[in-house]
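Peer 1: The structure's right below; bear with me while I get my questions together.
The values are calculated or read from the model by the stated rules, or taken from the named source; none is laboratory data. All of these numbers come straight from a predicted model, not from anything done at the bench. Here Cβ is always computed from backbone atoms with ideal geometry, including for glycine, and neighbour counts include all displayed protein chains. Side chains included, ligands, DNA and RNA excluded: accessible areas come from the protein's heavy atoms. Shrake-Rupley method; radii C 1.70, N 1.55, O 1.52, S 1.80 Å.
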Amino acid sequence: MRSHPLIAIVGHPNEGKSSVLSTLTEDDSVVVNDYPGETVECQYFPVTINGEVVLELVDTPGFQNPVRILQWMQSARVTDDVLLQAFLQEFSAKEAFHHDCELMQPLLQGAALIYVVDCSRPLLEVDQAEMEILRLINKPRMAVINFKEDDKSYIAEWKQAFRRHFNVIREFNAHQARFQERLALLQTLKAIHQDWEQPIDIAIDAFQKDWNYRLAIVAEYITNYLEFATQLKVAQSYQDEADADIAQEKALEEYHRKISGRERDLFEDIRKRYRHNVYDLKFAEQDILREDLFADKTWELLGLSKQQLTIAATGMGAGLGATLDLATVGLSHGFFTAMGALMAGGSVFLKGSELARVRVKRLPLGGTRVIVGPNRNPQFPLVLLDRAILFFREVSSHAHGNRITENSEDKPQGALQQIEVEQQKKILSCLSQFDSASSGKRERARADLVALLKIILPAPE
Amino acid sequence: MQFEGYRLRDQGQPETALEERDRTLYQKAPLRPSGPREAYAYWVEQRLTQDPIEPDPGKLFSASYGVAVFIMLLTGLISGASITYAALYYDGSVPVNVALFLGVVVLPQLVMLFFLLLTLLLAFAGSAVFAGWYAVPIRLGTWLLQALWGKFGHHIALATENKDDLQSSKRALAEAVEHHRGLFGNRVFRLFQHAGMAFNVGALLCLAALLAFTDRAFGWQSSLTDSAATVHTIVSALALPWSGLFGEGVGYPDLQQIIGSRIVLRESGEALHSYDLLSWWPFLALSVVLYGLVPRLIAWLVSVILESRLLGSLDFSGYHYQSLWRRMLSIELRSAGRPSLHSPESNKPLRETPAPNGTPQEVFVLRESQSRYQDEYLDKWLKQISGFQGHFKTVADVRACATATQGEADVFLVIEGWQPPIEEKLAALTDCADLLQQNKQRLHLLLLGKPTPTGSAPMTDRLTEVWRKKLEQTETSLYVHTDAVDVGRTGT
């Protein structure tokens, strides 16, 4: 017997047991496929906090002979552990019953059980048999309704059947469950075995702390990335005036490459932080994240265009905000008017249709140097931030049991437009401090932005 | 410095590795630190043991600062002695003018002291004048420290052949200066107090040496007043701080001595009283001590106390320090599964054996399945899928087909193909097929899709494939048909 709670996930094949486990434990190494009977052994998922196991979940093979087993059990005229032991004694040597015996093993070790069913299908005789088997074995148990498809037409029928066999019933969509829903499912586990309240509370607390930790660290990643991008300077030297255009082109390319590379690194860090090892996000056709950071389409999807920015930026000064608001046609909700106040000094300088600042300097020993950056365009970090938030929300809310990598097409195209005006102003204020001469101001701006991002990052419910 | 050095060394390292290290260090602390200060001190201590940093930025700073102090002391000492020597120039004809000595050695220090007090008062009142008014000395002190740091670091780098660490060590200094401007400014301030103290010590030593080994006469003169009483009043006022300890005639000259030491240029030196001419030196020495040395000593002490307070008030709440504290308090939460045996049957290729054509004579439907579909729909579906014209027969279970069949034609059984093929169903199908085989009849399975309000959903290719693969494993002759397409035979 284990000292920590042991909870076995049982059910009919192909009901989404592995998906539930994968989502609940954020383990995408769990094999999830539609071929029944591939899970031939129990897989244990110990939840460890600083090396100590506080809770253990078990993925089990599906029932293969429920009707035959029930018939045998009903004739055995015993229940509980005696029945379980007798069953294993009788059937463990029979190859056809290998899966059934394997799924019963954790129950013999004192496990409580979660019976997972897919309620998008009708209730079958085999389901009735399985529930009756579990009732005869009489372990603490709950039923989890998993929706493999969004069809709820059979739910009433299922719930009625559950009420006869389970005290606790919970709906859980393993493909769409977010963090709070995972916590809610863990909370429910306490109801099936009172003695396990404390360890489950410890596990829930650890999950919550870990989640907050990830949020804090991603906020720092994004803050560092924005600072890097807004302060980046790339220089390219040339001797002959004829090479000026090539040098500028090269410098811009290098500038774009560095920022795009850093964005990729950021996205990869976020993906790893949320334990997505196999999830290779493929964005829908209209998704802003599908486009390269410096592609025209990225900016157009945000309601902007390089051309608009150029025109707007030439006007600079106090009028800039209003101009940008007009340019974004309502998307910004006065965002850029607020920004205009900060921009009153007129530090934006755009050359041609480029977003980065380009300067040319004569070198003392001959030759010329073209310098791209740092970017003083206030929209630049906003676009980076918007993409980072969108990516974060996509990854952090993606259930590990969901192996579909194509995201839906009705996702919002911008995250910043959904946040409060006051928060928008604060973001702009923080970003504007990144090039302050005072280290204290920069430190405060970083800390403020992190605090703000911790509020903004999670997607609104 | 060491803390900054290690913090910089961690930059760019994998975050998970840093988390594990810092969490372990924090958890293994013999006394659980109550906050970031204690935790960071322990962290630096442990890291110095486990992962020494060369050149150690802390030691480098101490060494640089030590040499800077030495340079300042030497400069102060030499300049104090030199200026005093010049102010006490005496060729035996005219006594040394005490006003000149006070004006050169003491007065500038009094002005500086007044200026410092004014700055401090304004600083306490909230005005940020310190950095502006003292920009030049701060820049000079910073330059000196950084130059020394560079020299020392360079020597160490040459010795250890490690230039990368030197660079990171230099960056550690820059970061420390950046993040702790108050502390660093205070150290620069103290550097100048060292110079100031040494200046006064140099002046006193020079005065003492000249008095001990040469003959010096002191006097006073003024074009504005010839009143010795006025001079006496001024001297008494200046000597107030020490007059309790060294009174008139000892700590400063009395009126008679002042009268006796007045220099009148038309008179010869013989007219002066030699005893009175010597009465000035204690006053001069005590002026240097009280108006030069003691204020510098007090400023130095204030700087030491201020540093201790600044260090004590460091809460490491800045952005760059938060990440370490966050890592220390992180928890190692793992929930991934242990690998288990997996049987990849789904990867095995399917044998391509077409099902024989022919219209069914007899079709069976399981009673449970019948309850989920309408009879009319089933008849229509059967006609569509197999050309069957009659009405299906209902059986309680799969095996019942073998006994319920009439005639010698192949038997067709409707199976809900949307359900996964489990062992007991496959076993029943195998038994049934074997029983029929005895009469040379074959069992055909008609896979039916999931029930819908209007009938059934079409079987997907994947579901059909799953059934065929599972049936293939039974090694029994079972033929699979689905949605008007004969998809093949399984088994042998």
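Peer 1: If Lys and Arg each add +1 and Asp and Glu each add -1, what is the summed charge of the other residues whose beta carbon sits under 12 Å from the beta carbon of B:L413?
Peer 2: Once positives and negatives cancel, what remains is 0.
Peer 1: Show me the GluC sites (Glu not before Pro) within the range A:98-201 that DSSP assigns to loop and that have at most 12 other Cβ atoms within 10 Å of their Cβ.
Peer 2: Within the range A:98-201, the qualifying GluC sites (Glu not before Pro) (loop, at most 12 other Cβ atoms within 10 Å) are A:E149.
Peer 1: Next up: How about the range B:25-97: which trypsin sites (Lys or Arg not before Pro) there are in a DSSP loop, with at most 14 other Cβ atoms within 10 Å of their Cβ?
Peer 2: Listed in order of number, the matching sites are B:K28.
Peer 1: Continuing with this model, one more query. At 1.4 Å probe size, with the rest of the protein present, what percent of the exposed accessible area of the range A:5-64 is carbon and sulfur atoms?
Peer 2: Accessible surface attributable to carbon and sulfur in the range A:5-64 totals 44 percent.
Peer 1: Let me ask something else about it. If the chain between A:N33 and A:L108 were fully stretched, how many nm would it gain, using 0.36 nm times the residue separation less the Cα-Cα distance?
Peer 2: 24.2 nm
Peer 1: Could you tell me whether the range A:94-146 comes out rounded, prolate or oblate from its Cα gyration tensor? Rule is a ≥ b ≥ c as square roots of the eigenvalues, rounded for a/c under 1.5, then prolate if a/b exceeds b/c, otherwise oblate.
Peer 2: Taking the square roots of the gyration eigenvalues as a ≥ b ≥ c, the range A:94-146 is oblate.
Peer 1: While we're on this one: Sort A:224-235, B:64-75 by the packing proxy (mean of other Cβ within 10 Å over each peptide's residues), most packed first.
Peer 2: Listed from highest to lowest mean packing, they are A:224-235, B:64-75.
Peer 1: Say the cut-off is 25 Å between C-alpha atoms; which of A:K272/A:K426; A:K139/A:K190; A:K148/B:K380 go over it?
Peer 2: Pairs exceeding 25 Å: A:K272/A:K426; A:K148/B:K380.
Peer 1: Which FRET efficiency, nearest 0.05, do A:S92 and A:Q71 yield, Cβ-Cβ r, R0 30 Å?
Peer 2: So, using R0 = 30 Å, E works out to roughly 0.95.
Peer 1: Give me the accessible area per residue for the range B:164-243, probe 1.4 Å, as a whole number in Å².
Peer 2: Roughly 44 Å² per residue, with all protein chains present.
Peer 1: Tell me whether chain B comes out rounded, prolate or oblate; compute the Cα gyration tensor, take square roots of the eigenvalues as a ≥ b ≥ c, and use a/c under 1.5 as the rounded threshold.
Peer 2: prolate
Peer 1: Related question: If the chain between B:A99 and B:L48 were fully stretched, how many nm would it gain, using 0.36 nm times the residue separation less the Cα-Cα distance?
Peer 2: Length gained, B:A99 through B:L48: 12.7 nm.
Peer 1: I've got another one for you. Per residue of A:60-68, count partner chain C-beta atoms within 10 Å of its C-beta, then hand back the mean as an integer.
Peer 2: 4
Peer 1: Cα centroids of the range B:75-113 and the range B:384-402: how far apart, whole angstrom?
Peer 2: 126 Å
Peer 1: Per-residue mean of other chain beta-carbon atoms within 10 angstrom of the beta-carbon, peptide B:412-423?
Peer 2: Partner-chain Cβ atoms within 10 Å, mean over residues of B:412-423: 5.
Peer 1: Residues of the range A:11-41 losing 40 Å² or more of accessible surface, assembly versus chain alone, probe 1.4 Å, please list them.
Peer 2: Checking the loss per residue gives A:D34, A:Y35, A:P36, A:E38, A:V40, A:E41.
Peer 1: How crowded by other chains is B:281-292, given as the mean number of beta carbons from other chains within 10 Å of each beta carbon?
Peer 2: Average neighbour count from other chains, rounded to a whole number: 0.
Peer 1: Enumerate by residue number the trypsin sites (Lys or Arg not before Pro) in the range B:407-465 meeting two conditions: DSSP loop (anything except H, G, I, E, B), and at most 12 other Cβ atoms within 10 Å of the site's Cβ.
Peer 2: B:K440
Peer 1: Same structure, new question: Take the Cα of B:Y377, step 7 Å along the line toward its Cβ, and report every residue of the range A:133-159 whose backbone nitrogen sits under 15 Å from that point.
Peer 2: A:153-154
Peer 1: Which whole-number value in Å² is the accessible area per residue of the range B:277-337, probe 1.4 Å?
Peer 2: On a per-residue basis, 44 Å².
Peer 1: Another question, then. For A:R446, what is the net charge nearby, where nearby means another residue's Cβ is under 12 Å from its Cβ and Lys, Arg count +1, Asp, Glu -1?
Peer 2: Value of the local net charge: -1.
Peer 1: What does the C-alpha gyration tensor say about the overall shape of the range A:23-104? Classify as rounded when a/c is under 1.5, otherwise prolate if a/b is larger than b/c, or oblate.
Peer 2: oblate
Peer 1: Relative to the longest principal axis of the C-alpha atoms of chain B, give the angle of the C-alpha long axis of helix B:461-474, reported between 0 and 90° and rounded to the nearest 10°.
Peer 2: With rounding to tens, the tilt is 70 degrees.
Peer 1: Given Cα pairs under 8 Å that are at least 6 residues apart, what percent is the relative contact order of chain B?
Peer 2: In percent, rounded to a whole number, it is 15.
Peer 1: Let me ask you something else. Grab the other residues whose beta carbon is less than 14 angstrom from that of B:M72, score K and R as +1, D and E as -1, and report the net.
Peer 2: Charge balance in the 14 Å sphere: +3.
Peer 1: Moving to a separate point now. Would you mind checking the tilt of helix B:15-27 against the longest principal axis of the Cα atoms of chain B, expressed as 0 to 90 degrees and rounded to 10?
Peer 2: Here the helix axis deviates by roughly 70 degrees.
Peer 1: Within chain B, which is the longest segment containing none of the GluC sites (Glu not before Pro) that sit in a DSSP loop and have at most 14 other Cβ atoms within 10 Å?
Peer 2: Longest stretch, sites excluded: B:1-160.
Peer 1: Taking the Cβ-Cβ separation of A:Q180 and A:E125 as r and a Förster radius of 45 Å, what is the calculated FRET efficiency to the nearest 0.05?
Peer 2: The formula returns an efficiency of 0.80 here.
Peer 1: Sort B:292-301, A:52-61, B:110-119 for me by packing, meaning the mean count of neighbouring Cβ atoms within 10 Å per residue, highest on top.
Peer 2: Going from most to least packed, we get A:52-61, B:292-301, B:110-119.
Peer 1: Could you compute how much accessible area chains B and A hide from each other, both sides summed, with a 1.4 Å probe? Nearest 100 Å² is fine.
Peer 2: 4600 Å²
Peer 1: Pop a pseudo-label 7 angstrom from the Cα along the beta-carbon direction at both B:A409 and A:E422 and give the gap in nm to one decimal.
Peer 2: If labels sit at B:A409 and A:E422, their model points lie 8.0 nm apart.
Peer 1: Sticking with the crude label model, points 7 Å out along Cα→Cβ, report the distance from B:L122 to A:I202 in nm, one decimal please.
Peer 2: Modelled inter-label distance: 6.2 nm.
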